[in-house]
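Values quoted throughout were computed directly from the atomic coordinates according to the rules given, and no laboratory measurement underlies them. Here the structure is a predicted model, which means the values were calculated and not measured. Counting neighbours? That spans all protein chains shown, and the Cβs are built from the backbone with ideal geometry, glycine included.
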Amino acid sequence: MRPEDRVLIFDTTLRDGEQSPGCSMNLAEKLQLARQLARLGVDIIEAGFPIASEGDLESVKAISREVREPVVCALARTAAADVEHAQEALAPAARPRIHTFIATSDIHLEHKLRMSREQVLEEVDRAVRQARGYVDDVEFSAEDATRSDWDFLVQVFETAIAAGASTLNVPDTTGYTTPTEYYDLIRFLKEQVRGSAEVTFSLHCHNDLGLAVANSLAAIRAGARQVECTVNGIGERAGNTAMEEVVMALKTRPDVYGPADTGIVTSEIYPTSRMLSSIIGVAVQPNKAIVGDNAFAHEAGIHQDGVLKAAITYEIMTPQSIGRPSNELVLGKHSGRHAFRDRLSELGFHLDDEEFQRAFKQFKALADKKKSVFNEDLEAIVSDAVTYSDDVYDLGEISLVSGSFATPTATVEMTVAGERRKTTAMGVGPVDAVFKAIADLTETKSELLRYQVNAITGGMDAQGEVSVTVRDGERKVIGHGAHTDVIVASAKAYVHALNKLEWHKQRRAESGPRGI
């Protein structure tokens, strides 16, 4: 592939994606996903916004030490302190990038920044030069570019290039533009900005009108060569450009997008999608393109007949091309450690020795209870087996009395900050009783906003997967848990959410600046 045909994948799942309400991750979860993004083959990982919180600063540092092949990027406003924090967080990185931004639309200048255009140009010059003094790789973004004056954007980007920026990002921050408009804007900037041939134009689209992927592809046709996107399209408000959709569109339609392609290992797309869902506790909608449960399902008789005769009649890509395994029985109770480790690796999971032993023990216990152990069961086992050293709460035993002739009563045993505790509580139902006992043991003041139960696979012996959304002050988190007993799964989900809240509290990450 010629360098000019390569489309760089800038993954911002760990930064912009994490801004989705409830989708926050702790340090160990971010590291787990960052390793998988590296296996996926993304070019740049935007690891966080260091000035936003101690948690973000710590996460960017840890990812910089751990992930060596992709570029590791930190976001910063043009404020001097932001750029300094980004540099500090990226100090251990093998390939660091500072990504600095400021708004350029008159709407933002008047109502948010209260700055003149001249002041913005001065900020761009100072911040990019400061960042360039720290690292060789500097990206500049013009926040709300698609609602900015085009001639002013030319001045802004020329200033950034002169100061040392090598990547220019043209964000559709509010999801406002359309494919035709975005194409024209990118073409205009490439033609009018002096020095444009020496830099990479990037795009960052939000999905407020459902056009993020369409806009991104239009920008690529116009000559942009970096896509800022997230796994499963998660992100603030309606989300960001879905990485898997852009990648597979380029792969499937070279007749439209020319030789433009990415370095993504497409067989890692589905494992990455599943890993993210498992970590944040948010399921992918069934009809989601590429990675949804129904993406390769054929129910109509005509479609089924055609696919059986020749898959190409109704399938424009194969499940195998994105690493999607079949939902068949993969292991049984007689399977050994080697087969178990190989299957986890195929699903995209790479555990250390302690985590592997814990997962294998849970697999054996599940295999004794279930006739069939499916891939989804293994994903739930791994999610449960990977524990984090900074967890404050550890769920122990649960005993429950419930039924139509008894008031639901739960006895729960837990370890709280190293101390073993036990209590009994009554509720209007068994889950309510368990949650009240856990709340009593942890002394939490959080509010339960949402409770959802799904069967991981079919059958009467299926594991139940529970997701809960919990709020404490302004912070919302999502916890998840899985077990053949839905009450135990519920307790695991609630404790998982409470541990997330504690992690953020300890790092004073209640609120911070938001990005582009």
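Given Cα positions, please report Rg to Rh for the stretch 110-179, the hydrodynamic radius being the Kirkwood one.
Values: Rg = 12.4 Å, Rh = 12.7 Å.
My calculation of the ratio gives 0.98.
Neighbours of VAL470 by Cβ distance under 12 Å: Lys/Arg scored +1, Asp/Glu scored -1, total +3. With all projection directions averaged, the alpha carbon convex hull of the stretch 70-115 covers 3.6 nm². Seen from HIS496, the other residues with C-beta closer than 10 Å to its C-beta sum to a net charge of 0, counting Lys and Arg as +1 and Asp and Glu as -1.
Pair-distance distribution P(r) for the stretch 3-280, from all Cα-Cα distances in 5 Å bins starting at 0: 1, 6, 14, 18, 21, 19, 13, 7, 2, 0 percent. When peptides 122-135, 224-237 are ranked by their average number of other Cβ atoms within 10 Å per residue, the highest-first order is 224-237, 122-135. If R0 equals 45 Å, the separation of the Cβ atoms of PHE405 and LYS369 corresponds to a calculated FRET efficiency of about 0.95.
Would you compute, from DSSP H runs of 4+ residues alone, the mean residue ellipticity of the chain at 222 nm, taking -39500 (n - 2.57) per run and dividing by the full residue count, rounded to the nearest 500?
Values: 16 runs with 200 residues, N = 516.
Mean residue ellipticity, 222 nm, calculated: -12000 deg cm²/dmol.
A simple rule links phi to the HN-Hα coupling: the Karplus curve 6.51 cos²θ - 1.76 cosθ + 1.60 with θ = phi - 60°, which for the stretch 63-76 gives 5, 4, 6, 7, 9, 10, 7, x, 5, 10, 10, 10, 8, 8 Hz, with x for Gly and Pro. Under 5 Å from the amide H of THR200 lie the amide H atoms of THR167, LEU168, each residue being 5 or more positions distant or on a separate chain, with H modelled from the backbone and absent for Pro and chain starts. Here the Debye sum runs over all C-alpha atoms of the stretch 447-507 as equal scatterers in vacuum, and log10 of I(q)/I(0) at q = 0.16, 0.25 Å⁻¹ comes out as -0.48, -0.90.
Projecting the Cα positions of ALA93, ASN169, LEU203 onto the charge dipole of the chain (unit charges on Cβ atoms of Lys, Arg, Asp and Glu, taken about the Cα centre) puts ALA93 furthest along the positive direction.
Phi angles of the stretch 193-205 translate, via the Karplus equation with coefficients 6.51, -1.76, 1.60 and θ = phi - 60°, into HN-Hα couplings of 7, 5, x, 5, 5, 9, 10, 9, 8, 10, 10, 9, 10 Hz per residue; Gly and Pro are given as x.
Compute and list, largest first, the equivalent-ellipsoid semi-axes of the stretch 78-225 from the alpha carbon gyration tensor, each √(5λ) rounded to a whole angstrom. Mind showing how you got there, number by number?
On the way: eigenvalues 111, 61, 45 Å².
Output for the stretch 78-225: semi-axes of 24, 17, 15 Å.
For LYS333, the lysines whose Cα falls under 23 Å of its own Cα, not counting residues fewer than eight places away in the same chain, are LYS361, LYS364, LYS369, LYS370, LYS371.
Could you please report the charge total around ALA482, scoring K, R as +1 and D, E as -1 over all other residues with beta-carbon less than 14 angstrom from its beta-carbon? Write down the numbers at each step before the final one.
On the way: positive: ARG274, LYS369, LYS370, LYS492; negative: GLU376, ASP377, GLU379, ASP384, ASP461, GLU465, ASP485.
Net local charge, ALA482 excluded: -3.
Only aspartates and glutamates eight or more places from LYS476 in sequence, or on another chain, were considered; those with a Cα closer than 14 Å are GLU18, GLU236, GLU447, GLU502, GLU510.
For the stretch 416-427, putting each phi into the Karplus relation 6.51 cos²θ - 1.76 cosθ + 1.60 with θ = phi - 60° gives couplings of 10, 6, x, 9, 7, 10, 8, 8, 10, 9, 10, x Hz, in residue order, rounded to whole numbers and with x for Gly and Pro. Taking other C-beta atoms within 10 Å as the exposure proxy, PHE340, PHE296, PHE349, PHE140 rank PHE296, PHE340, PHE349, PHE140 from fewest upward.
From the largest down, the stretch 43-82 spans 29, 18, 11 angstrom on the principal axes of its Cα atoms. Using only side-chain charges placed at the Cβ, +1 for Lys and Arg and -1 for Asp and Glu, the dipole size of the chain relative to its Cα centre rounds to 860 debye.
Given axes a ≥ b ≥ c from the Cα gyration tensor, I'd like to know whether the stretch 159-306 is rounded (a/c under 1.5), prolate (a/b larger than b/c) or oblate. Prolate is the answer for the stretch 159-306, as a/c is 1.5 or above and a/b outweighs b/c.
Using alpha carbons only, what's the Rg to Rh ratio of the chain with Rh from Kirkwood? Spell out each step's value before the answer.
Working: Rg = 24.2 Å, Rh = 24.3 Å.
Radius of gyration relative to Kirkwood radius: 1.00.
Mind checking which of THR407, GLY235, ALA439 is farthest towards the positive end of the chain's charge dipole, using Cβ charges of +1 (Lys, Arg) and -1 (Asp, Glu) about the Cα centre? The residue sitting most towards the positive pole is THR407. Counting every pair of alpha carbons in the stretch 164-203, the share spaced more than 16 Å apart comes to 34 percent. Here the calculated FRET efficiency for ARG68 and ILE107, from their Cβ-Cβ distance with R0 = 35 Å, stands at 0.30, rounded to the nearest 0.05.
If you wrap the Cα atoms of the stretch 377-480 in a convex hull and average its projected area over all directions, you get 7.8 nm². The alpha-carbon positions of the stretch 188-269 define a convex hull whose volume is 105 Å³ per residue.
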